[in-house]
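The structure under discussion appears below in the form of structure tokens.
The values are calculated or read from the model by the stated rules, or taken from the named source; none is laboratory data. Note that this is a predicted model, so its numbers are computed, not measured. Cβ coordinates were reconstructed from backbone atoms using ideal geometry, including for glycine residues, and neighbour counts include every protein chain displayed. Only protein heavy atoms, including side chains, enter the accessible area calculation; ligands, DNA and RNA are left aside. Shrake-Rupley method; radii C 1.70, N 1.55, O 1.52, S 1.80 Å.
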Amino acid sequence: MRSVLFATLAMLTTAVVAGPQSPALVPLPAKMAVAEAPGLTLTAESRIVADGAFLKEAAYAARELNRATGFALKAEKAGWFFGTKGEITFREVSGLGPEAYRLTVSAEGALIEASAPTGAFYGFQTLRQLLPTAIYAKTPQQATWSIQAVTIEDAPRLPWRGVMVDDCRHFIGPDGFRAMVDAMAAHKLNTLHWHLTEDQGWRIEIRKYPQITLNGARRAESPVPGNRGKGDGKPYGWYYYTQEQIRELVAYAAERHVTVVPEIEMPGHALGLLTAFPDLGCTGGPYAPWCHWGVSEDIVCAGNDRVLKVYEDILDEVLALFPSKFIHCGGDEAPKTRWNACPKCQKRIADLGLGNSHRLQSWFMQHFANYLEARGRHMIGWDEILEGGLPKGAAVMSWRGPSGGIAAAKQGHDVVMSPNNFAYLDYGQGLPGDPYEYIGGNVPLAKSYSLNPTDGIPEAMQGHVIGVQGNLWSEYIWAADDQQWKAWPRAAALAEVGWTPQARRDWDCFRARVETAVERLHTMGINAAPLPEKPFATWKPGDVPTEWVERTWDASAAVKDVGTYEVTFRFTGGDSRLDIRKVELLLNGAPVATDAHEGQAGSTHKGNVYRLPLKVFPGNVRFTLRAEVRTDGNDHSNGEITLRKVK
């Protein structure tokens, strides 16, 4: 069959990145050619065959296809002869990377070639996206199961493509975990960073210390939705994952080639632990899990040797549950107030000649980095672990913008880029009428897509950028529905950031393809947010100076009748915000509606919506939108303008 399939190359034409014949694949493959010839149609008589190394991936493919088609396809081990017409074949070849694959589809069949099981799995995920979106349904559907004829050679740009979920502030639970893994796998996201310990709750069973979940997995109350300064008076918990549940969920993720990286916070965000063992704190307590959000000054005592022993015991059980190369140890937001006043901590600083509390944290983190290294694992931590000196061998997750990652890469440390201004998916996404509450911020879909994780890093050191990740802190995520709404489709944008070569990425192309990706997610049962409105106009670097100027756009096609028109300015990236002070609608050059107030479109939006009541519409006239605008700081600013009739 291979000779038949590759003979189709003669009929292939190189696909334009966006075109009517191009399949809506997310992430976009590294290389793709689309054929004008017919593709493959799956039927109940189709076969799935695989070399022995890929039988598990073939069996997974059969289950997923059968669920939506109602067929009874089986994964069979390939014999000496390949070539039955209509066959889906998984073939092991040499020379490809661990996540790379080749996919060829023609009327004769579909061939997935890979050198490792993960590559074979991703080849199937691409094949699945070539089918109608109904293939993602959980029950049998009526459809013609056609697969477009293509030839694809594909491999990821970065090896870590992740999403972080936080079960501590609000407990999402096993079903939400599985749903997230399924959606991640469909988009070739391969790392689920699992935040399991916090000031507001401890969510992992530690069998040597049952007191931790007994005391730390329940808090007295939580902030009220929509009123973060008021408690609801309702006990929250006990909520935590048993070790049996964790093993099952880690195995579920592994079957879908998603690695689960646990996070055990240290030395801060530790009230869940301190509630069980007050002697591990500098003051001796009493402590209780926080019932509000924020950063507590109560952190574990770095001068207390028992703290080291308890964390070592905890890590021993964590290592037995999670086979991941990296273990996340936090290291962020650890105020030094208690350490500066603690005799034990000050003695440790003096005995070791550390000089200050920042270097004490570096020593503390180095201890556990070495502990993990001795057991064949590596520490990764938030970029605060750079303060006072970075532990040798540790990797950095850069969250406070990209600067921490740039500094770490220049020092020769591996980096996962997760800057809050691009990748914090708990930030607002700029959707009109959004029903969910956010912590604040503004990260629209286009902003997430605009992230280039190697920006600002010298070319010789860009190899230290091992990944990109979107984060879903759960202060304002109460359940799986709003977790999914906030994650998708922005996580799909980050999937393309981490997978597709930078030179292949294009926002307009992605915007066209992601519409189908959202349909797939909805078919899977994922509560993905809608796409933002298509912009009426845009601005880009150089369009708007730092002095006030007037800018105009032809609005004739958008203004069709009398009524109130809403103009929204949304910042999507760059160094500087856009300031607005007046917006007008002109009829044949004369103002007929005006909204004059000061607004801003930047990392946060303020007053960025303008309303223009149009009371006359003579017909067959020219309407113009005019705005007085400037950029703040420099002219490197990107954004979109929407214009719509609201009443």
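Details
- Against the conditions (1) of a type in the set (Phe, Trp, Tyr); (2) buried (at least 23 other Cβ atoms within 10 Å of the Cβ); (3) over 20 Å from the mean Cα position of the chain (by Cα), residue 239 satisfies every one except (2).
- Considered as a group, the residues in segment 142-171 that are in contact with a strand residue (DSSP E or B) (Cβ under 6 Å, 6 or more places away or on another chain) and open to solvent by 20 Å² or more (accessible area, probe 1.4 Å) include one that is nearest to residue 196 (Cα to Cα), and that residue is 159.
- Segment 138-175: number of residues that are over 20 Å from residue 48 (Cα atoms), in a loop (DSSP other than H, G, I, E, B) and aliphatic (A, V, I, L, M): 3
- Count - residues of segment 1-44 that are more than 32 Å from the chain's Cα centre (by Cα), at pLDDT below 95 and outside any helix (DSSP H, G or I): 8
- Failed criterion for residue 73 (all others in (1) open to solvent by 40 Å² or more (accessible area, probe 1.4 Å); (2) touching a helix residue (DSSP H, G or I) at 6+ places or on another chain (Cβ under 9 Å); (3) more than 28 Å from residue 499 (Cα to Cα); (4) at pLDDT 95 or above hold): (1)
- Pair list, Cβ < 7 Å and 6+ apart or interchain, from segment 552-578 residues that are within 14 Å of residue 632 (Cβ to Cβ) to residues that are of a type in the set (Phe, Trp, Tyr) and surrounded by 14 or more Cβ atoms within 10 Å (Cβ to Cβ): 577/571; 578/539; 578/569; 578/571
- If you filter segment 614-638 down to residues that are assigned to a strand (DSSP E or B) and touching a Gly at 6+ places or on another chain (Cβ under 8 Å), you find that the one that is nearest to residue 569 (Cα to Cα) is 638.
- Filter result for residue 442 (surrounded by 15 or more Cβ atoms within 10 Å (Cβ to Cβ), in contact with a His (Cβ under 7 Å, 6 or more places away or on another chain), within 30 Å of residue 610 (Cβ to Cβ) and in contact (Cβ under 8 Å) with a residue 40 or more places away in the chain): yes
- Residue count, segment 545-603 (criterion: among the acidic types (Asp, Glu) and farther than 19 Å from residue 615 by Cβ): 6
- Residue 291, sole failed condition from (1) open to solvent by less than 40 Å² (accessible area, probe 1.4 Å); (2) in a helix (DSSP H, G or I); (3) hydrophobic (A, V, I, L, M, F, W, C): (2)
Okay, residues lined up against (1) in contact with a Phe, Trp or Tyr (Cβ under 8 Å, 6 or more places away or on another chain); (2) over 30 Å from residue 258 (Cβ atoms); (3) open to solvent by 40 Å² or more (accessible area, probe 1.4 Å):
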residue: 312; (1), (2), (3): yes, no, no
residue: 317; (1), (2), (3): no, no, no
residue: 326; (1), (2), (3): no, no, no
residue: 352; (1), (2), (3): yes, yes, yes
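- Restricting attention to segment 361-414 and to residues that are among the aromatic types (Phe, Trp, Tyr) and open to solvent by 20 Å² or more (accessible area, probe 1.4 Å), the residue that is farthest from residue 301 (Cα to Cα) turns out to be 399.
- Qualifying residue in segment 195-207 (condition: farther than 30 Å from residue 285 by Cβ and open to solvent by 10 Å² or more (accessible area, probe 1.4 Å)): no
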